[in-house]
There are 2 protein chains.
Amino acid sequence: MARWEGNTRSRLERAALDLFAEQGYDRTTVAQIARRANLTERSFYRWFADKREVLFAGDDLEQRFLAALDAVPAGTGALPALLAAFATAPEVFRPRDFLERRAAVIAASPPLRERELIKLVALSEALTAALVRRGCEPQSARLATDAGLAVLRLATERWTADEETDFAEALSAGARDLLAVAAEAAPAG
Amino acid sequence: MARWEGNTRSRLERAALDLFAEQGYDRTTVAQIARRANLTERSFYRWFADKREVLFAGDDLEQRFLAALDAVPAGTGALPALLAAFATAPEVFRPRDFLERRAAVIAASPPLRERELIKLVALSEALTAALVRRGCEPQSARLATDAGLAVLRLATERWTADEETDFAEALSAGARDLLAVAAEAAPAG
């Protein structure tokens, strides 16, 4: 977690999450966040457009995944390509306690949940479009994206529960679990 | 499509979709919908709480799926159980042209898209909870639900494109496609 400590942005994030947890997201103001972090409001706005962006900004997962997908050799299958891109996620993930507290704040607020859902749909559409650009047929691209995001969710859950887990290995394990689930429903023949 | 014609509710639905397409969802009033259907506003409110409910009401897919899932014999695997429940969907589906026009109205309106997303998340959570009640481990239940909804989406897309397709067969074909996608990412061993 050391990489997130000691810098301005991280102090603001922690102050915001503390206040969201203590008094609720709606009641927390930017002024309070800045004060708690011993910084000025001006410092806050250097990093975030508003308090919501503390939860969603810097969340450049989509761009990261798209860039990583572009770097996967042509000819790689759709799901293996997605999983290779997802394997780069820990580089942008926050520490587990940040993710857990962020998830709790979002779960408690319907507007934040909506925002999270819409972001997920946007990510899903962007990945499907990227697979189509790689030559994948649209329905297969959609199915591979849905399957890939299911594996990503499972892997992230396991990784969040135990950060010692290697993320790439959690993705492989998730893909094997998906294969087992699918095999049960589609007997050979 | 005969089963949907000639009744009050169907007339209101068609009038509403016509108006949504012609002048936009936001600009359409309940009074206009009733007039177009040659019915009174009172008749409208006998069927729908408001104009949004023309798009979402009677959409009892969740209850239908949960009831169908309960009817699947114990011991059936998670994904096969879900697909068996999904196979009952055509009984509540509307005709293809209704579904297509409804989808176009929703796609054009961010608040309606949000509403649709939230409904999908609720369905997903309800199915996962139902699988857990059937004895499935939570992470497997979640993964099977994600996989099942991916197959349902694919099957519905194909069925909407060609209503002569048998829906149960479209689900089986989707499950085979999912297996092929998963196998590519999880080589044996």
Residue in region B:124-143 that is touching a Gly at 6+ places or on another chain (Cβ under 8 Å) and modelled with pLDDT of 95 or more present: yes
Test result for A:Ala175, at pLDDT below 95 and within 10 Å of another protein chain (Cβ to nearest Cβ): no
Where A:Glu184 falls short, out of the listed (1) more than 7 Å from every other protein chain (Cβ to nearest Cβ); (2) open to solvent by 40 Å² or more (accessible area, probe 1.4 Å); (3) within 22 Å of B:Thr145 (Cα to Cα): (1)
Members of region B:98-118 that are open to solvent by 60 Å² or more (accessible area, probe 1.4 Å) and basic (Lys, Arg): B:Arg101, B:Arg113, B:Arg115
Hey, B:Ala67 away from chain A (no Cβ under 13 Å), exposed (fewer than 14 other Cβ atoms within 10 Å of the Cβ) and outside any loop (DSSP other than H, G, I, E, B) or not: yes
Of residues in region B:133-154 being open to solvent by 60 Å² or more (accessible area, probe 1.4 Å) and of a type outside the set (Gly, Ala, Ser), the one farthest from A:Ile118 (Cα to Cα): B:Arg134
Residues that are out of contact with any Ser or Thr (no Cβ under 7 Å at 6 or more places or on another chain), in a helix (DSSP H, G or I) and under 24 Å from A:Arg176 (Cβ atoms), drawn from region A:70-81: A:Leu79, A:Pro80, A:Ala81
Residues that are part of a helix (DSSP H, G or I), of a type outside the set (Lys, Arg), closer than 15 Å to B:Leu99 by Cα and open to solvent by less than 70 Å² (accessible area, probe 1.4 Å), drawn from region B:13-60: B:Glu13, B:Ala15, B:Ala16, B:Leu17, B:Asp18, B:Phe20, B:Glu53, B:Val54, B:Leu55, B:Phe56
Enumeration of residues in region A:160-172 that are farther than 26 Å from A:Ala104 by Cα and more than 9 Å from chain B (Cβ to nearest Cβ): A:Glu169
Failed condition for A:Ala74, given (1) loosely packed, with under 13 Cβ neighbours inside 10 Å; (2) at pLDDT below 90: (2)
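The values are calculated or read from the model by the stated rules, or taken from the named source; none is laboratory data. Just so you know, these numbers come straight off a predicted model, no measurement behind them. When we count neighbours, we look across all protein chains shown, and the Cβ atoms used for this are built from the backbone with ideal geometry, even at glycine. Ligands, DNA and RNA are stripped out before the accessible areas are found, and what is left, the full protein with its side chains, is counted by its heavy atoms. Shrake-Rupley method; radii C 1.70, N 1.55, O 1.52, S 1.80 Å.
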